[in-house]
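Undergrad: The structure under discussion is supplied below as structure tokens; questions concerning it will follow.
Nothing in this text is a laboratory measurement; each read-out follows from the coordinates by a stated rule. Note that this is a predicted model, so its numbers are computed, not measured. Backbone-built Cβ (ideal geometry, glycine too); neighbour counts: all protein chains shown.
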């Protein structure tokens, strides 16, 4: 029997007008220390976002989300934050912010397969 692994995740949100506190869930960041796993996924629906604010720059939002993906992967072009260790990257990515791209509180759970859990959370929280 495969053992369960503790994981933590946060939902990535786009908050088009911070002063209104309205948001749309667009992705998930999942971290599992034991598996040395940090990965994020997102799905951006420009039409739904435009319903919140017609002035929103979807290309700019996508570029920022792509930067989050680079930081998760630790890519060479992800800047100094992307070169931190996995726990530090996860904590930085999930820190509270008052910007257009924010994350939810961090939630814990247990899983057997982190990739499958990430897919499940995307289905549950985003699509």
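Undergrad: Fewest first, what order do 30, 65, 44 take by the number of other Cβ atoms within 10 Å?
TA: Starting with the residue having the fewest Cβ neighbours, the order is 44, 65, 30.
Undergrad: While we're looking at this one, here's another question. Over the chain, with a Gaussian network built from C-alpha contacts below 10 Å, which listed residue (76, 117, 39) shows the highest mean-square fluctuation?
TA: 76
Undergrad: When a footprinting reagent is the concern and you count Cβ atoms within 10 Å, what order do 123, 8 take, fewest first?
TA: Fewest to most other Cβ atoms nearby, the residues stand as 123, 8.
Undergrad: Please report, largest first and rounded to whole Å, the three semi-axes of the ellipsoid equivalent to the chain, where each semi-axis is the square root of five times an eigenvalue of the C-alpha gyration tensor.
TA: 26, 17, 12
Undergrad: Okay, next question. Choose one answer from 72, 32, 111: the residue with the largest mean-square fluctuation in a GNM of the chain with alpha-carbon springs under 10 Å.
TA: 111
Undergrad: Determine, for 57, 77, the number of other Cβ atoms within 10 Å of each Cβ, and report the residues in order from fewest to most.
TA: Ascending number of Cβ neighbours within 10 Å: 77, 57.
Undergrad: With axes computed from alpha carbons, what is the tilt in degrees of helix 58-73 against the longest principal axis of the chain, rounded to the nearest 10 within 0 to 90?
TA: So the inclination is approximately 10 degrees.
Undergrad: Rounded to the nearest 500, what is the chain's calculated 222 nm mean residue ellipticity when only DSSP H runs of at least 4 contribute -39500 (n - 2.57) each, over all residues?
TA: Taken over the chain, the calculation gives -10500 deg cm²/dmol.
Undergrad: Then there's this: Subtracting the Cα-Cα distance from 0.36 nm times the residue separation, let me have the gained length for residue 75 to residue 19 in nm, one decimal.
TA: So the extension gain works out to 16.8 nm.
Undergrad: On C-alpha positions alone, give me the angle between the axis of helix 114-125 and the longest principal axis of the chain, in degrees, nearest 10.
TA: On a 0 to 90 degree scale, this one is about 30.
Undergrad: Let me ask something else about it. Among 15, 26, 100, which one moves the most in a GNM of the chain with springs linking Cα atoms closer than 10 Å?
TA: Looking only at 15, 26, 100, the biggest GNM fluctuation is shown by 100.
Undergrad: Still on this structure: Between residue 60 and residue 92, what FRET efficiency comes out of the Förster formula 1/(1 + (r/R0)^6) with R0 = 22 Å and r the beta carbon distance, rounded to 0.05?
TA: Working from the Cβ atoms, E equals 0.60.
Undergrad: If you average the sequence gap of Cα pairs under 8 Å that are 6 or more apart and divide by the length of region 5-125, what percent do you get for the contact order?
TA: Averaging sequence separation for qualifying contacts and normalising by length gives 35 percent for region 5-125.
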